[in-house]
Amino acid sequence: MNITVFLGAPGSGKGTQAKRLAESQNFIHFSTGDMLRSAMKAETDVGKKAKGFVDKGDLVPDNVMIELIEAALTGIPNNTKIILDGFPRTVPQAEALDQKISTAVNRALYFLVPEKDLITRLTGRRVCEKCGEPYHVESLPPKKEGVCDKCGGNVIHRKDDSAEVVGHRLQVFHKLTSPLLSYYKTKNRLKELDGNRPIDTLQKELVQILN
Ligand SMILES: [Zn+2]
């Protein structure tokens with residue numbers, strides 16, 4: 001497999017970019033956030049284990065996340081191009097991927113966005129409950145308020161995008177996930193991108209980097 005990891009704080013836009021790449025290029029996009037939310041909704045074992053952590057804005061423990069991602073990657077053909085979004089989030093998770101040749105990470109892209117812009121982006125973020133399509137109250141509203149353009153599902157303000165939880169999520173990100181940047185940097189697999197640009201501009205650059 002050819003695996004690219006998308007790294008960035010919550011609100012850095014990596015999920016939106018990954019979704020677009022999956023639609024326009026032949027990438028498979030694994031969003032562990034979406035995977036977790038559907039597991040919680042379906043009340044699977046992993047979902048039940050994860051729920052308490054997600055609701056508080058904390059990271060789900062490594063063993064639960066590794067279980068989730070290993071199940072998702074099992075049986076995927078070798079020549080598949082994959083974007084991992086939301087995983088790994090910690091160094092032990094990154095090491096778990098690199099331990100197997102089939103899941104070793106080829107490159108990590110870091111989406112850099114200043115803190116104040118992250119907060120604006122996150123608290124204004126909305127998402128389709130049904131298909132996961134992202135929206136934003138200012139920059140990317142659905143055509144009809146509260147209704148998903150793609151599937152007609154409810155567009156909601158997620159609990160973990162509320163102002164109280166957002167500050168905490170950013171702290172958790174910096175404390176626990178920043179070491180990942182060093183991890184990939186020392187392995188010469190890290191590329192930093194200016195994430196504070198229009199969605200289309202950044203998408204064009206990504207297509208060039210990944211092809
Ligand atoms: Zn939808």
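Brief remarks follow.
- Hey, Asn106 modelled with pLDDT of 90 or more and under 26 Å from Leu210 (Cβ atoms) or not: yes
- Qualifying residue in region 170-189 (condition: crowded, with 16+ Cβ neighbours inside 10 Å, more than 27 Å from Glu70 (Cβ to Cβ) and more than 16 Å from the ligand (Cβ to nearest atom)): yes
- Long-range neighbours under 8 Å by Cβ, at least six apart or interchain, first residue among the basic types (Lys, Arg) and within 14 Å of the ligand (Cβ to nearest atom) within region 120-133, second modelled with pLDDT of 95 or more and assigned to a strand (DSSP E or B): Arg126/Val155; Arg126/Ile156; Lys130/Asn154
For every residue, the table says whether it meets (1) aliphatic (A, V, I, L, M); (2) touching a Lys or Arg at 6+ places or on another chain (Cβ under 8 Å); (3) under 23 Å from Leu170 (Cα atoms).
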residue: Thr44; (1), (2), (3): no, no, no
residue: Ile76; (1), (2), (3): yes, no, no
residue: Ile83; (1), (2), (3): yes, no, yes
residue: Phe87; (1), (2), (3): no, no, yes
residue: Thr90; (1), (2), (3): no, no, yes
residue: Ser102; (1), (2), (3): no, no, no
residue: Leu118; (1), (2), (3): yes, no, yes
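- The residues on offer are Gly86, Gly15, Gly57, and the sole one that is touching a His at 6+ places or on another chain (Cβ under 6 Å), of a type outside the set (A, V, I, L, M, F, W, C), surrounded by 14 or more Cβ atoms within 10 Å (Cβ to Cβ) and at pLDDT below 90 is Gly57.
- In region 188-202, the residues that are more than 21 Å from Leu140 (Cα to Cα) form Cβ pairs under 9 Å with partners that are among the small types (Gly, Ala, Ser), at six or more places apart or across chains, as follows: Arg189/Ala108; Leu190/Ala108; Leu190/Ser182; Lys191/Ala108; Leu193/Gly8.
- Restricted to region 1-89, the set of helices (runs of 4 or more DSSP H) holding at least 1 residues that are closer than 27 Å to Pro114 by Cβ and of a type in the set (Val, Ile, Thr) comprises 14-24, 32-41, 45-56.
The values are calculated or read from the model by the stated rules, or taken from the named source; none is laboratory data. No experiment lies behind these values; they were computed from the predicted model shown. Positions of Cβ are generated from backbone atoms using ideal geometry, with glycine treated the same way; all protein chains shown enter the neighbour counts.
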